[in-house]
Structures are given as C-alpha cells and as structure tokens.
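K.L.:
Right, I'll just put the structure down here and ask away after.
The values are calculated or read from the model by the stated rules, or taken from the named source; none is laboratory data. The model shown is predicted, which means the values in this text are computed figures rather than measured ones. Ideal geometry is used to build each Cβ from the backbone, glycine not excepted, and the neighbour counts take in all protein chains shown.
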Amino acid sequence: MPAVFFYLFAAVTLLFGVMVIVSKNPVTSALSLAVSFVGLAALFLGLDAYFIGTVQVLVYAGAVMVLFLFIIMLLDIKAETGKTPNYAAVFAAIVVGVLLVLQVATIVSTFEKGKLTTLEVPLRPKEALAAMGKNALPGIQRDLEAGILPDTKLMGLQLYHHYGFHLQIIGLLLLVSTVGVVVLSKRENRTEGGAK
Amino acid sequence: MITLNHYLIVSSALFALGLAGIIVRRNILVIYMCLEMMLSAANLALVAFSRFRVTDGLPDYSAQALVFFTITVAAAEVAVGLAIIVALYRSKQSVDVESVTKMQG
C-alpha cells in the first residue's frame with residue numbers, strides 16, 4: 001500500500017475514534033465508530049488481508065453498529081446536556097493513554113524485525129505453490145499459478161482444516177449468546193404468577 | 001516507507017483511545033463502543049504481524065484465523081451486552097453508569 005494511503009486511513013481511523021469519545025450525542029458516537037471501522041478495514045486491505053477486511057466491514061460496520069444504533073433509538077437516549085465532564089477522569093485517561101502509546105513506542109524503537117517494509121517481505125505465490133506441491137487444492141493451485149493471492153480460499157483452508165474444532169466451539173458460543181439474549185430481554189410477567 | 005512498527009503504533013494509539021474512552025465516558029453504550037475499538041486495535045496488530053511473518057511466500061494465516069474468532073466473539077459479546085443494557089434501562093430508566101451504585105461499598 002502506498003504510504004499516503006496508510007497515513008490517510010490511519011488518520012481516518014484515529015480521528016473518528018476521537019470523535020466517538022468527545023461527541024455528546026450517542027448517535028454521533030456510533031456513526032463515528034462505523035467510519036473508524038471502515039478506515040480500519042482499509043488498513044486490513046492494505047495488509048493483503050482481504051477476507052478479514054471484508055468481514056470487518058460486514059460484521060462491525062454493518063451488523064454491530066446497526067445493533068448499537070437500534071438500541072440507542074429504541075431506548076431514545078438523548079445527548080448529554082449540562083453535564084460537566086469529570087476532570088480527574090479526563091486527566092487520568094490522557095495520562096494512561098499517552099503512557100501506553102509511549103511504552104509501545106519505546107518497545108517498537110528497539111524492535112529490529114519491525115523495521116521491515118512490505119516490499120522487503122513480498123508475497124510469492126509461485127514459491128507457495130512449490131512448497132505446497134501436489135497437495136494444493138485445485139482452486140488454490142489455479143490462483144497461485146496465475147500469481148495472485150487466493151486470500152479467502154486460504155482462509156477457508158486454514159479455518160476448516162486446522163481450526164475445525166474451534167470453529168464448532170465458536171458456533172456453539174453464538175448459539176449460547178443468542179439464547180442468552182432472548183432470556184435476558186424477556187420481560188418478566190408480573191401480572192400472573194407473581195415473583196419468580 | 002510503511003513498516004510493521006507504523007502499524008503497531010497505530011494499533012496502540014487506537015487501543016489507548018478506547019481505554020481513555022472507557023475511563024472518561026459515563027454512558028454505558030459509549031463504553032461498549034470503546035471496548036469494540038480496543039478489540040479492533042488488537043486485531044490490527046494481529047493482521048500486521050500476520051502479513052510481516054511470510055512463510056513459503058504466504059502470510060501467516062493462523063493469526064488471521066485468530067482475528068476471525070475475535071470478531072465472532074466480539075459480535076456475541078455485543079449482543080449479550082446490549083441485552084444487559086436494555087434490562088438495566090428497564091430497571092433504572094438511565095444508561096448512566098453512575099446510576100448503578102447498589103453494589104458500591
């Protein structure tokens with residue numbers, strides 16, 4: 001990814017991240033977070049993670065943010081007015097945030113492997129094809145021969161061949177959370193039966 | 001040129017923003033949004049490491065599988081969290097965390 005795009009999308013991600021925190025209206029916060037996630041998805045695409053970038057837009061910017069907006073509008077939450085921010089908390093937040101970034105910056109400044117650019121670690125589809133040998137699946141083989149990265153196919157291979165059990169656990173987790181949400185949001189019936 | 005360190009700095013900045021938001025804000029919905037931001041920041045670090053650890057000419061897809069699972073868990077967490085917020089709003093008529101002080105010592 002050209003450097004200018006990296007800076008553009010990183011700026012979009014971080015600036016709209018700031019907007020989430022400073023805006024008084026929760027709807028503005030939610031929409032800013034959606035834009036921030038789209039910027040993050042663009043960064044993922046720049047890292048050749050096309051599947052993850054797409055899923056980020058679909059799940060986060062799509063489903064999760066719609067859920068947030070739906071709840072905000074369902075509960076009819078108004079913008080906070082006339083409230084002074086807790087200045088001790090603001091001070092603490094700035095100190096903690098700056099310290100965290102400084103800490104990571106210090107570690108990163110001595111991290112030699114982190115000084116590589118993507119051009120120095122290029123993706124080599126031909127080399128990958130040679131390493132896979134005859135075991136490569138036909139679809140993956142075709143793409144690698146053409147010199148393109150079959151990102152989604154490799155992701156599917158990884159998920160279903162190496163993390164099949166984990167995938168089933170995640171499916172169970174989603175089922176449990178769905179049932180949990182239904183139980184949590186069920187209105188307690190007070191008119192008949194009394195206390196449960 | 002853009003190095004791995006650039007991505008790690010952006011990731012840590014996004015994480016710090018989320019953490020600052022959780023400390024500052026009193027609206028529990030915005031706190032949840034900041035939690036999501038922190039999870040995404042961790043995802044960015046993982047995807048960056050995946051791209052820069054090239055083995056046999058391909059990025060490390062184990063990291064991306066972990067990102068996939070993280071996104072799924074985050075979606076499940078948001079669903080349950082928002083149901084809790086709705087239940088909280090029903091009993092307190094407010095989404096301010098300062099209205100929930102019953103367990104304060």
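K.L.:
Any idea which of B:Ala20, B:Ala16, B:Ala74 is among the aliphatic types (A, V, I, L, M), part of a helix (DSSP H, G or I) and closer than 30 Å to A:Ile169 by Cα?
P.N.:
Only one candidate passes the filter, namely B:Ala74.
K.L.:
Let me ask you something else. Give the number of residues within the range B:46-89 that are β-branched (Val, Ile, Thr) and over 30 Å from A:Ile77 (Cα atoms).
P.N.:
Summing the residues that are β-branched (Val, Ile, Thr) and over 30 Å from A:Ile77 (Cα atoms) in the range B:46-89 gives 4.
Condition check ((1) under 23 Å from B:Leu8 (Cα atoms); (2) in the same structural domain as A:Asp48 (by TED's automatic domain parsing); (3) basic (Lys, Arg)) across all residues:
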{"residue": "A:Leu102", "(1), (2), (3)": "yes, no, no"}
{"residue": "A:Thr106", "(1), (2), (3)": "yes, no, no"}
{"residue": "A:Lys115", "(1), (2), (3)": "yes, no, yes"}
{"residue": "A:Thr118", "(1), (2), (3)": "yes, no, no"}
{"residue": "A:Gln168", "(1), (2), (3)": "no, no, no"}
{"residue": "A:Leu173", "(1), (2), (3)": "no, no, no"}
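K.L.:
Name the residues in the range B:27-68 that are surrounded by fewer than 22 Cβ atoms within 10 Å (Cβ to Cβ) and part of a loop (DSSP other than H, G, I, E, B), would you?
P.N.:
Hits for the range B:27-68 are B:Arg53, B:Val54, B:Asp56, B:Gly57, B:Asp60.
K.L.:
If you don't mind, another one. Can you tell me which residue in the range A:100-155 is farthest from B:Ser62 (Cα to Cα), limited to those that are β-branched (Val, Ile, Thr) and assigned to a loop (DSSP other than H, G, I, E, B)?
P.N.:
That would be A:Thr110.
K.L.:
Go through the range A:24-59 and count every residue that is farther than 27 Å from B:Arg90 by Cβ and part of a helix (DSSP H, G or I).
P.N.:
23
K.L.:
Out of the residues in the range B:1-26 meeting the condition of being surrounded by fewer than 24 Cβ atoms within 10 Å (Cβ to Cβ) and polar (S, T, N, Q), tell me which one is farthest from A:Ile71 (Cα to Cα).
P.N.:
B:Thr3
K.L.:
Can you name the residue in the range B:22-72 that is touching a Lys or Arg at 6+ places or on another chain (Cβ under 6 Å) and facing chain A (nearest Cβ under 7 Å) and is also nearest to A:Gly147 (Cα to Cα) among such residues?
P.N.:
Of everything passing the filter in the range B:22-72, B:Gly57 is nearest to A:Gly147 (Cα to Cα).
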